[in-house]
Amino acid sequence: YFKPHTMPTIKQTTSDGRYDIPAGTHLGYCTMIVDLGTQPSMNPKYPDPKRKVKLAFEIPWETYKWDDWEDRPKIIYSEYTLSTSDRAIFRPVFEALYKWTPTDDDYYLIDFNKLVGSPCSLTVVKNGEYSNITQVAGLPKWVQLAPMVNTTLTLDLDKFDKKVFDGLGEKMKEKIMS
């Protein structure tokens with residue numbers, strides 16, 4: 001499999017214990033998509049509530065030690081407004097993972113299960129102590145990644161699965177229920 005030799009392995013944590021992802025381009029997998037439901041807007045310019053999703057991406061060559069398990073892949077999360085309109089930030093992410101270009105009328109055809117497990121390229125920037133994803137793109141056909149380590153998780157509120165919901169962290173459950 002393809003493993004860039006220039007990717008550093010960072011085993012340091014930030015002051016609050018989160019594992020840090022360095023700025024740059026990383027190869028990884030989408031391992032989680034959670035439908036957060038309709039959430040209040042944090043942007044005063046667009047105050048109406050919006051339906052949100054949270055995605056998690058596993059980055060195989062950025063690792064940390066967890067209990068007795070060396071080299072556990074780091075995870076980075078990103079939240080998006082669930083929209084496939086031409087101007088939506090989620091649309092290029094969706095197209096890269098789903099490998100499909102929907103029309104505005106195709107929204108009801110989205111199957112979250114087809115997003116998880118998809119390999120991708122992530123561009124990460126640093127914003128103070130936080131790492132943020134600025135771009136998600138597909139991979140060239142010739143690139144093969146190391147196998148995915150984490151199990152995938154999908155929660156679609158339109159096809160609610162209580163077992164999956166009960167397995168989420170308390171903060172995410174509170175956000176969905178709010």
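For the subset of the range 68-85 comprising residues that are of a type in the set (D, E, K, R) and at pLDDT 85 or above, which member is surrounded by the fewest Cβ atoms within 10 Å (Cβ to Cβ)?
So the first thing to find is which residues in the range 68-85 are of a type in the set (D, E, K, R), and the list is 68, 70-72, 74, 79.
Add one more test, that the residue is at pLDDT 85 or above, and what stays is 74, 79.
Numbers: Lys74: 22, Glu79: 14.
Ranking the qualifying residues of the range 68-85, first place goes to Glu79.
When the range 124-141 is filtered for residues that are over 22 Å from Ile110 (Cα atoms) and either of a type in the set (S, T, N, Q) or free of Cβ contacts under 8 Å to residues at least 12 places away in the same chain (or both), the ones remaining, listed by number, are Asn127, Gly128, Tyr130, Ser131, Asn132, Thr134, Pro140, Lys141.
With the structure loaded, tell me whether Ser118 is in contact (Cβ under 8 Å) with a residue 24 or more places away in the chain, among the small types (Gly, Ala, Ser) and within 20 Å of Lys54 (Cβ to Cβ) or whether it fails that test. Against the criterion (in contact (Cβ under 8 Å) with a residue 24 or more places away in the chain, among the small types (Gly, Ala, Ser) and within 20 Å of Lys54 (Cβ to Cβ)), Ser118 qualifies.
Conditions tested, residue by residue: (1) of a type in the set (D, E, K, R); (2) outside any loop (DSSP other than H, G, I, E, B).
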position	(1), (2)
Pro22	no, no
Thr25	no, yes
Ala56	no, yes
Ile59	no, yes
Arg91	yes, yes
Phe94	no, yes
Val125	no, yes
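If the condition is being open to solvent by less than 40 Å² (accessible area, probe 1.4 Å) and more than 21 Å from Leu153 (Cβ to Cβ), then the range 86-120 contributes Ala88, Arg91, Pro102, Asp106. Lys65 fulfils the conditions (1) surrounded by fewer than 16 Cβ atoms within 10 Å (Cβ to Cβ); (2) at pLDDT 90 or above except for a single criterion, (2). For the range 151-178, the set of residues classified as surrounded by 14 or more Cβ atoms within 10 Å (Cβ to Cβ) and touching a residue at least 12 places away in the same chain (Cβ under 8 Å) consists of Thr152, Leu153, Thr154, Leu155, Asp156, Leu157, Leu168, Met172, Lys175, Ile176, listed by residue number.
In the set (1) open to solvent by 80 Å² or more (accessible area, probe 1.4 Å); (2) part of a loop (DSSP other than H, G, I, E, B); (3) at pLDDT below 90, the condition left unmet by Ser41 is number (1).
Restricting to the range 136-178, and then to whatever is assigned to a loop (DSSP other than H, G, I, E, B) and of a type in the set (Gly, Ala, Ser), can you tell me which residue is nearest to Phe90 (Cα to Cα)?
Ranking the candidates gives Gly138 first.
If the condition is being free of Cβ contacts under 8 Å to residues at least 40 places away in the same chain, assigned to a loop (DSSP other than H, G, I, E, B) and closer than 19 Å to Asp158 by Cα, then the range 71-85 contributes Ser83, Thr84. Among the conditions (1) closer than 18 Å to Met32 by Cα; (2) modelled with pLDDT of 90 or more; (3) open to solvent by 50 Å² or more (accessible area, probe 1.4 Å), Val125 misses just one, which is (1).
The values are calculated or read from the model by the stated rules, or taken from the named source; none is laboratory data. Owing to the predicted nature of the structure, the values given are computational and were not obtained by experimental measurement. FYI the Cβ positions are ideal-geometry reconstructions off the backbone, even for glycines, and counts take in every protein chain you see. These accessible areas exclude ligands, DNA and RNA; they are computed on the full protein's heavy atoms, side chains included. Shrake-Rupley method; radii C 1.70, N 1.55, O 1.52, S 1.80 Å.
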